[in-house]
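Data block below; observations after.
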Amino acid sequence: MLNNIIRTINFLTLAYVFGSTVWFLFIQSPALVKRIGRDRFVPLQMSLVGVLFRSLTAALLVMTVAALVLEQNVLSGPVLSAATALGGALINHFFVVPRALKHGGRSLREEVTVDEQKSVSRFASEGGGEATRFWHRVLVLFVVVTLAGVVLHAVYLVAG
């Protein structure tokens, strides 16, 4: 009975992390950049990105603990995949996001054309602009690490 509850918690946290990450970064962000432009979008995104990564970190901690309780083996695939996802989120939350936010305000001072304002590919590559390019790319890298861990964890859960 307890294992079923923990397994359910594991699935729910996995679904939350995957769904909120995909929605926030891959569906909502491109749509809003295209619709409202960089100058209106970046301050909105900056105010919400901290909330996203705090919640992802908390959920992934729960998912990792649930996997550890179920597997009782630190080196099992489900625990390692959950820990990988948690590691990516922790690095983003505590190291990358604060630096990206610091540079985000600077990017708004950069002049860009109307077309550049609403360019999804430009935002995906650079974030707000030159000032955020490096930290935006590092953030995306660790989002990919997080999602890779989550997807692999899902495979283990479905297969197991």
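The values are calculated or read from the model by the stated rules, or taken from the named source; none is laboratory data. This structure is a prediction, so every number in the text was calculated from the model and none was measured. Virtual Cβ from ideal backbone geometry, glycine too; neighbours counted across all protein chains shown. Note: accessible area is taken over every heavy atom of the protein model, side chains too, but ligands, DNA and RNA are not part of it. Shrake-Rupley method; radii C 1.70, N 1.55, O 1.52, S 1.80 Å.
Taking the stretch 93-127 as the range and being open to solvent by 50 Å² or more (accessible area, probe 1.4 Å), modelled with pLDDT of 85 or more and not aliphatic (A, V, I, L, M) as the test, the residues that pass are Phe94, Phe95, Pro98, Arg99, Lys102, Ser121.
Can we say Leu32 is over 13 Å from Val150 (Cα atoms) and touching a residue at least 24 places away in the same chain (Cβ under 8 Å)? Judged against the criteria, Leu32 is not a match. Does His136 fit the bill of being surrounded by fewer than 21 Cβ atoms within 10 Å (Cβ to Cβ) and farther than 29 Å from Leu12 by Cβ? So His136 does not fit the description; no.
In this structure, Gly160 does not satisfy being farther than 21 Å from Gly88 by Cα and either open to solvent by less than 80 Å² (accessible area, probe 1.4 Å) or basic (Lys, Arg) (or both). Among the residues making up the stretch 8-17, a single one is hydrophobic (A, V, I, L, M, F, W, C) and over 15 Å from Thr64 (Cβ atoms): Ala15.
For residues in the stretch 6-21 being in contact (Cβ under 8 Å) with a residue 40 or more places away in the chain and hydrophobic (A, V, I, L, M, F, W, C), which is farthest from Glu110 (Cα to Cα)?
Filtering the stretch 6-21 down to residues in contact (Cβ under 8 Å) with a residue 40 or more places away in the chain leaves 6-7, 9-11, 13-14, 16-18, 21.
If we keep only those that are hydrophobic (A, V, I, L, M, F, W, C) too, we end up with 6, 9, 11, 14, 17-18.
On the way: Ile6: 49, Ile9: 45, Phe11: 43, Leu14: 38, Val17: 33, Phe18: 33 Å.
In this case the residue turns out to be Ile6.
Of all the numbered requirements in (1) outside any helix (DSSP H, G or I); (2) crowded, with 16+ Cβ neighbours inside 10 Å, Ala66 misses one, and that requirement is (1). Under the condition of being surrounded by fewer than 19 Cβ atoms within 10 Å (Cβ to Cβ) and either outside any helix (DSSP H, G or I) or β-branched (Val, Ile, Thr) (or both), the residues counted in the stretch 1-46 number 9.
The lone criterion from (1) assigned to a helix (DSSP H, G or I); (2) touching a residue at least 60 places away in the same chain (Cβ under 8 Å) left unmet by Val112 is number (1).
For Val69, are the conditions met, namely being over 19 Å from the mean Cα position of the chain (by Cα) and among the hydrophobic types (A, V, I, L, M, F, W, C)? Here the answer is yes, as Val69 does meet what is asked.
For the stretch 81-92, the condition of being at pLDDT below 95 and of a type outside the set (Phe, Trp, Tyr) holds for none of the residues. Considering the stretch 118-160, and only residues there that are touching a helix residue (DSSP H, G or I) at 6+ places or on another chain (Cβ under 7 Å) and β-branched (Val, Ile, Thr), the residue that is farthest from Arg99 (Cα to Cα) turns out to be Val150. Within the stretch 69-85, the set of residues being under 15 Å from Gly149 (Cβ atoms) and either among the polar types (S, T, N, Q) or open to solvent by less than 70 Å² (accessible area, probe 1.4 Å) (or both) comprises Ser76, Gly77, Pro78, Val79, Ser81, Ala82, Ala83, Thr84, Ala85.
Give the number of residues within the stretch 47-56 that are open to solvent by 20 Å² or more (accessible area, probe 1.4 Å) and not charged (D, E, K, R). Don't jump to the end; show me each part of the working.
First pass over the stretch 47-56, keeping only residues open to solvent by 20 Å² or more (accessible area, probe 1.4 Å): 47-48, 51, 54-55.
Then keep just the ones that are not charged (D, E, K, R); that gives 47-48, 51, 55.
The total comes to 4.
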